[in-house]
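Below: one structure, written as structure tokens.
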Amino acid sequence: MLDPSQCCVNARLNYLADSVEHSLYRNGKVFIHRDPDGNDSPIQGATLKQKNVIINNARLLEQPMHRQLDVHGFELLHQPMAHSVQFFFDNQHVIQKYYPECTELVKQSTNATQVFAFDHNIRWPVGKESGKRIKGSGQQVQAPIHYVHGDYTLMSAPQRLRDLAKPPGINDTLRSILNEGQSLLNNDDVLRILCEGRRFAFINVWRNIDDLPVMNDPLALCDADSKVTNDLVVFEILYHDRIGENYFSKYSPNHKWWYYPLMTRDEVLLIKQWDSIGALAQSVFVHAEKSIDKAPCTFSFHTAFRNPNVSSDTPQRKSIEVRCVALFDY
């Protein structure tokens, strides 16, 4: 039985091997192909290396020491929700009713001027195995990702912002509700943001959507203060109509890992996916009027992991992650 008072767990995480070449920019060496249903080909060019790491129980921190989005890259909030599990398997319901909840939550938490939700995934291993699809979009339910990764890179973050000022592509969730030729963001606004170096951030709103708390495949989060740039490897996602990029990571003993055991539907986890004024982002795209020393974190690595203290017959987790873009006036 999972003990929520346990200080930590010793679990295996999937890193890339030390032999994989470090990269901050795309080099065509580590990649997958992703079809319109969201199915991935085997990863090419990546040799995995499992490492035993200590994952600390973030619930045991005193309130003044809780993890914060801008400092550590993630933050847990108490945010009760009334929707049933089946609600989340209907694309239109999620976009029309749940997206506004997520955008308001991110806006309040970040003090952004504008926030837009633009994509989401349902992760449920049983649903993935059975080929369950989302009503109204045809997209398949996905499985939890068991690789240490960040969701954007130095190049893919600004490119994703540009893409949101174009009509959605074949894999985009908003394709089902936007009219032909319509885009989520205004192109002139996006060009102004990028040219003037104004702040934008991608935030993942992660929630358990089951009646039961999360026990299998919980999410481990790496404290953004503990990342090392030389650990990064660009991972390319080759879509039908575009190329996305994530960062994978090689192991570092400096990585500090946390998780929240037994997350319920009344909790939501905000995960920093990218921040354009973060220290890593500004190390390349430096704007003279902004201080790197005082910059927020750029992103947090995360991964699902097998908790060794949970039996294999424990119910599989069901979760939703909604991606939001936050725009600021500075």
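The values are calculated or read from the model by the stated rules, or taken from the named source; none is laboratory data. In this text the structure is predicted, and so the values were computed from the model without any measurement. Heads up, the Cβs are rebuilt from the backbone with ideal geometry, glycines too, and the neighbour counts pull from every protein chain shown.
Brief remarks on what is shown
- Test: Thr103 is over 14 Å from Ile320 (Cβ atoms), in contact with a Cys (Cβ under 8 Å, 6 or more places away or on another chain) and of a type in the set (S, T, N, Q): yes
- Of all residues in segment 235-256 being surrounded by 22 or more Cβ atoms within 10 Å (Cβ to Cβ) and in contact with a Leu (Cβ under 7 Å, 6 or more places away or on another chain), the one that is farthest from Arg160 (Cα to Cα): Ser249
- Screening Ser183, Ser156, Ser137 for residues that are without any contact (Cβ under 8 Å) to a residue 40 or more places away in the chain and of a type in the set (Ser, Thr, Tyr) leaves exactly one candidate, Ser183.
- Residue within segment 75-84 that is touching a strand residue (DSSP E or B) at 6+ places or on another chain (Cβ under 6 Å), within 15 Å of Cys324 (Cα to Cα) and aliphatic (A, V, I, L, M) present: no
- Checking each residue in segment 117-130 for being of a type outside the set (A, V, I, L, M) and more than 14 Å from Gln273 (Cβ to Cβ) picks out Arg123, Trp124, Pro125, Gly127, Lys128, Glu129, Ser130.
- Taken over segment 23-32, the criterion of being surrounded by 15 or more Cβ atoms within 10 Å (Cβ to Cβ) and either over 11 Å from Phe235 (Cα atoms) or not aliphatic (A, V, I, L, M) (or both) is satisfied by Ser23, Arg26, Lys29, Phe31.
- Within the set Leu194, Leu185, Leu178, the sole residue that is in a loop (DSSP other than H, G, I, E, B), farther than 18 Å from Gly244 by Cα and modelled with pLDDT of 95 or more turns out to be Leu185.
- Of the residues examined, Arg123 is not one that is touching a Phe, Trp or Tyr at 6+ places or on another chain (Cβ under 6 Å), buried (at least 20 other Cβ atoms within 10 Å of the Cβ) and basic (Lys, Arg).
- Meets criteria (in a loop (DSSP other than H, G, I, E, B) and touching a residue at least 12 places away in the same chain (Cβ under 8 Å)) for Ile203: no
- Every condition in (1) touching a Gly at 6+ places or on another chain (Cβ under 8 Å); (2) more than 27 Å from Arg26 (Cα to Cα); (3) buried (at least 21 other Cβ atoms within 10 Å of the Cβ) holds for Ser176 except the one numbered (3).
- For segment 179-189, a residue qualifies if it is under 22 Å from Ser276 (Cβ atoms) and surrounded by fewer than 15 Cβ atoms within 10 Å (Cβ to Cβ), and the qualifying residues are Asn186, Asn187, Asp188, Asp189.
- Condition met for Thr298 (of a type in the set (Ser, Thr, Tyr), in a loop (DSSP other than H, G, I, E, B) and touching a residue at least 24 places away in the same chain (Cβ under 8 Å)): yes
- Positions within segment 103-138 being over 24 Å from Cys297 (Cβ atoms) and assigned to a helix (DSSP H, G or I), in sequence order: Pro125, Val126, Gly127, Lys128, Glu129, Ser130
- Selection count, segment 68-105, where residues are surrounded by 21 or more Cβ atoms within 10 Å (Cβ to Cβ) and touching an Asp or Glu at 6+ places or on another chain (Cβ under 9 Å): 4
- Which numbered condition Gln68 fails, given (1) within 22 Å of Cys324 (Cα to Cα); (2) out of contact with any Phe, Trp or Tyr (no Cβ under 9 Å at 6 or more places or on another chain); (3) without any contact (Cβ under 8 Å) to a residue 60 or more places away in the chain: (2)
- Per-region count, segment 143-200, residues touching a Ser or Thr at 6+ places or on another chain (Cβ under 8 Å), of a type in the set (Val, Ile, Thr) and within 27 Å of Val94 (Cα to Cα): 2
- For segment 279-300, the criterion of being under 21 Å from Thr110 (Cβ atoms), crowded, with 20+ Cβ neighbours inside 10 Å and in contact with a Pro (Cβ under 8 Å, 6 or more places away or on another chain) is satisfied by no residue at all.
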